[in-house]
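Visitor: The following block contains the structure, expressed as structure tokens.
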Amino acid sequence: RWPSLLKYYSHTDGVSWLEEYKARHNAGLEAQRIVASFSKRFFSEHVPCDGFSDIETLGCPSHFFEDELMCILNMEGRKGLTWKYYAKKILYFLRQQNILKNLKEYLQRPTDRQSFLEGAVLIDQYCNPLSDICLKSVQAQVDDITDKVRKVLRTKNPRHPSLASKAGEVSVPEVELQRQVLDAMNCVLYEQLKYKGNELDYYNSLNSYIHQVLIRRTGIPISLSVLYLTIARQLGVKLEPVNFPSHFLLRWCQGKEGSTDIFDYTYIDAFGKGKQLTVKECEYLIGHHVTEEFYGVVTSKEVLQRMVGNLLNLGKRESTDQSYQLLRDSLDLYLAMYPDNVQHLMLQARLYFHLGIWPEKVLDILQHIQALDPSQHGAVGYLVQHTLEHIERRKEDVGPEVKHRSDEKHKEVCFSIGLIMKHKRYGYNCVIYGWDPACMMGHEWIRNMNVHSLPHGPHQPFYNVLVEDGSCRYAAQENLEYNSEPREIPHPDIGRYFSEFTGVHYLANTELEIRYPEDLELTQATVQKIYSSGKE
């Protein structure tokens, strides 16, 4: 019944299974209670940073609690969408907190015990906490590649020292023997397994996640370098990471070990099929001259900093993800490594302020910035003032606005909550989760969206819709039509508003139904009229 829990038990342990069952049962009830409470507490806003406080002080084993969340997420069918939505948020939070703790422990170790591969896995796990990613599994895949390299090496040199020892226990001092290892690696990685740099889709975040690099066999210079370096070291060749500008590289010592002369090294481009470069060729690679400092070796923490920096830049570029999840996750990672970095603290404060979430957290960040750098008082003061205003407005919230279709002012509203629609002009599929009797946006938005060019302009009903591409839009009634082939809308916020997909429309959850109490009846009548006549 609970296969995911097997890893927590040993065959040799004496376990009271009745007590374990009771503990798991009670954890399940507690998880269900908390998940059920989230929709009522947080429907009208993002879950605040203190919203998880009761989860952090659980009175039950966390692995049992997490297992119940997974059971909720794996419920079959199209029901329980709101439960799944909040279970996912809670699980995301729990796993990220655990991964962050592991990252901080990793960073406190001596540098010789900080595996580059483990660091890459921790970043991957934090950005994908709901995926099944573990160091053991990733290491097994790397070991499998290493074994393939050994087979090739055996055909070239049956007496090679890398064949005699287990992973990590061998050191190959002779440059020629090292060259044989690298040649065998290039043969396996780039010829047999077809690994390559992802030039066509360079700015895809999947290129930065080590488990995706292994699945898709492509990546960017730094992710491929971590893989290349790990395999080489397991075979006794000590390659070192080089934080080269615009293009991460590895270096291979040809002279005396530990030499400070940059010309004693050959530089390896894992993105370019393991090509070996001279100093001059490295400069050709990026198109300009660089000083000697950029050829120096960097620590595992600096490698992680660059990996997270890449994700940060991608997070800033993302335009479709309105929650900026990648930017938020990469900021968390960066500040876990450099908690006093004023630039990134300010970016985090501005991001939360922009999203209108966690105002108390924003004030904490701003206070920290002011203590670190008093010269930031202007920007800090502005954000503090507006954040306090946000908190005051929230206190004055009188509760949800209820919209009755029977009101005279709503008589022009034709469509209802939960209907699957199609945009006449842009062709996208969407589901309605709110409506206004007329456009409620400001003059600037109306002008920018050219609303006045519509036959009915802003003086017609407008609808809040969740779109299949993951965006939320505000569409005019005259631009929407019933979808003749209704299907599920794969939007991350669908469970925030709806509890079930019936096959032709969505059922509003309790909180949404409170706000539109007369819509369900109309939706069901509309669906019966449209789709039953279509079948006839």
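The values are calculated or read from the model by the stated rules, or taken from the named source; none is laboratory data. Since the structure is predicted, the reported quantities are computational estimates derived from the model, not experimental observations. Cβ atoms come from the backbone with ideal geometry, glycine included; neighbour counts cover every protein chain shown. Protein only, heavy atoms only, side chains kept; ligands, DNA and RNA dropped before computing areas. Shrake-Rupley method; radii C 1.70, N 1.55, O 1.52, S 1.80 Å.
Visitor: Can you list which of the trypsin sites (Lys or Arg not before Pro) found in the stretch 430-536 are DSSP loop residues with at most 15 other C-beta atoms within 10 Å?
Guide: Answer in residue order: R487.
Visitor: Based on Cα positions only, what radius of gyration and what Dmax would you give for the stretch 13-108, in angstroms?
Guide: In order Rg, Dmax, the Cα atoms of the stretch 13-108 give 14.8, 48 Å.
Visitor: Using the Cα gyration tensor of the stretch 354-397, with a ≥ b ≥ c the square roots of its eigenvalues, what is the shape: rounded (a/c below 1.5), prolate (a/b larger than b/c) or oblate (neither)?
Guide: prolate
Visitor: While we're on this one: How much accessible area per residue does the stretch 403-509 have, in Å², with a 1.4 Å probe?
Guide: Values: 5170 Å² over 107 residues.
With the other protein chains kept in place, the stretch 403-509 gives 48 Å² per residue.
Visitor: Within the stretch 440-464, name every residue whose backbone N is under 13 Å away from a label modeled 7 Å from Cα of R425 along the Cβ vector.
Guide: Only 446-458 fall inside the zone, counting backbone N under 13 Å.
Visitor: Still on this structure, please answer the following. Which of the chymotrypsin sites (Phe, Trp or Tyr not before Pro) found in the stretch 426-532 are loop residues per DSSP with 15 or fewer other Cβ atoms within 10 Å of their Cβ? Walk me through the intermediate numbers first.
Guide: Working: sites: Y426, Y428, Y433, W435, W445, F462, Y463, Y474, Y482, Y497, F498, F501, Y506, Y531; in loops: Y426, Y428.
The qualifying sites are Y426.
Visitor: Further question on the same structure: Give me the 1.4 Å probe accessible area per residue for the stretch 13-108, excluding ligands and nucleic acids, in Å².
Guide: Numbers: 5150 Å² over 96 residues.
For the stretch 13-108, the solvent-accessible area averages 54 Å² per residue.
Visitor: Which shape class, rounded, prolate or oblate, goes with the stretch 135-303 when its Cα gyration tensor gives a ≥ b ≥ c as root eigenvalues, a/c under 1.5 marks rounded, and past that a/b bigger than b/c marks prolate? Kindly include the intermediate steps, with their values, before the conclusion.
Guide: Details: a/c = 1.72, a/b = 1.12, b/c = 1.53.
It is oblate, given that a/c is not under 1.5 and a/b is not larger than b/c.
Visitor: With just the Cα atoms defining each centre, how far is the stretch 1-21 from the stretch 423-440? Give it in Å.
Guide: Here the answer is 51 Å between Cα centres.
Visitor: Something else about it: So how strong a dipole does the chain carry about its Cα centre when Lys and Arg Cβ are +1 and Asp and Glu Cβ are -1, to the nearest 20 debye?
Guide: Details: 61 positive and 69 negative charges, 265 e Å.
Here the size comes out at about 1280 debye.
Visitor: Using alpha carbons only, how many degrees (0 to 90, rounded to 10) separate the axis of helix 175-186 from the longest principal axis of the chain?
Guide: Helix 175-186 sits roughly 30 degrees off the main axis of the chain.
Visitor: For helix 377-395, what angle does its Cα long axis make with the longest principal axis of the chain, in degrees from 0 to 90 and rounded to 10?
Guide: So the helix axis and the longest Cα principal axis differ by about 40 degrees.
Visitor: Moving to a separate point now. Show me the GluC sites (Glu not before Pro) within the stretch 154-236 that DSSP assigns to loop and that have at most 14 other Cβ atoms within 10 Å of their Cβ.
Guide: E169, E174, E199
Visitor: What whole-number value in Å² describes the accessible area per residue of the stretch 354-397 for a 1.4 Å probe?
Guide: Values: 2710 Å² over 44 residues.
About 62 Å² of surface per residue is accessible.
Visitor: In degrees, nearest 10, range 0 to 90: what is the angle between the Cα axis of helix 17-42 and the longest Cα principal axis of the chain?
Guide: Taking the Cα atoms of the chain, the angle to 17-42 is about 60 degrees.
Visitor: If you don't mind, another one. By the scheme Lys and Arg +1, Asp and Glu -1, what is the net charge of all other residues having a beta-carbon under 12 Å from that of L107? Before the final figure, lay out the partial values.
Guide: Numbers: positive: K101, K104, R109, R113, K301; negative: E105, E118, E302.
Counting the neighbours of L107, the net charge comes to +2.
Visitor: Relative contact order of the chain: what whole-number percent is it, with Cα pairs under 8 angstrom and at least 6 residues apart?
Guide: Details: 707 pairs, mean separation 64.4, N = 536.
Result for the chain is 12 percent.
Visitor: Oh, and also: For R251, enumerate residues with amide H under 5 Å from its amide H, sequence gap 5+ or separate chain, H modeled in the peptide plane.
Guide: E240, V242, I268
Visitor: In sequence order, what are the phi-derived ³J(HN,Hα) couplings for the stretch 143-159 according to the Karplus relation 6.51 cos²θ - 1.76 cosθ + 1.60 with θ = phi - 60°, rounded to whole Hz, with x for glycine and proline?
Guide: Values per residue, Gly and Pro as x: 4, 5, 5, 4, 5, 5, 5, 4, 4, 5, 4, 5, 6, 8, 8, x, 9 Hz.
Visitor: Here's a follow-up. Here are labelled values, (i) 45.3, 155; (ii) 28.1, 90; (iii) 24.3, 81, and one is the computed Rg and Dmax of the Cα atoms in Å for what I pasted. Which one?
Guide: (ii)
Visitor: In terms of modelled amide H atoms, which long-range or inter-chain residues lie less than 5 Å from the amide H of E500?
Guide: L81, L507
Visitor: Heavy atoms of the protein only, probe of 1.4 Å, neighbouring chains included. What is the accessible area of S208 in Å², nearest 10?
Guide: Accessible area, nearest 10 Å²: 10 Å².
Visitor: Roughly to the nearest percent, how much of the accessible area of the chain is carbon and sulfur, given a 1.4 Å probe? Intermediate results must be reported in sequence, preceding the final value.
Guide: Details: 14010 of 27900 Å².
It is 50 percent, rounded to a whole number.
Visitor: Could you please put W252, W358 in sequence from largest to smallest accessible area, using a 1.4 Å probe? Before the final figure, lay out the partial values.
Guide: Numbers: W252 0, W358 45 Å².
Sorted descending by solvent-accessible area, the residues read W358, W252.
Visitor: If Lys and Arg each add +1 and Asp and Glu each add -1, what is the summed charge of the other residues whose beta carbon sits under 12 Å from the beta carbon of H423? Could the numbers behind the result be given before it?
Guide: Values: positive: K422, K424, R425, R473; negative: E468, D469, E478, E481.
Once all neighbours under 12 Å are counted, the net charge is 0.
Visitor: While we're on this one: In square angstrom, rounded to the nearest 10, how much accessible surface does T299 have for a 1.4 Å probe?
Guide: 60 Å²
Visitor: Tell me the accessible surface of M421 in square angstrom (1.4 angstrom probe, heavy atoms of protein chains only), to the nearest ten.
Guide: Per-residue accessible area (M421): approximately 0 Å².
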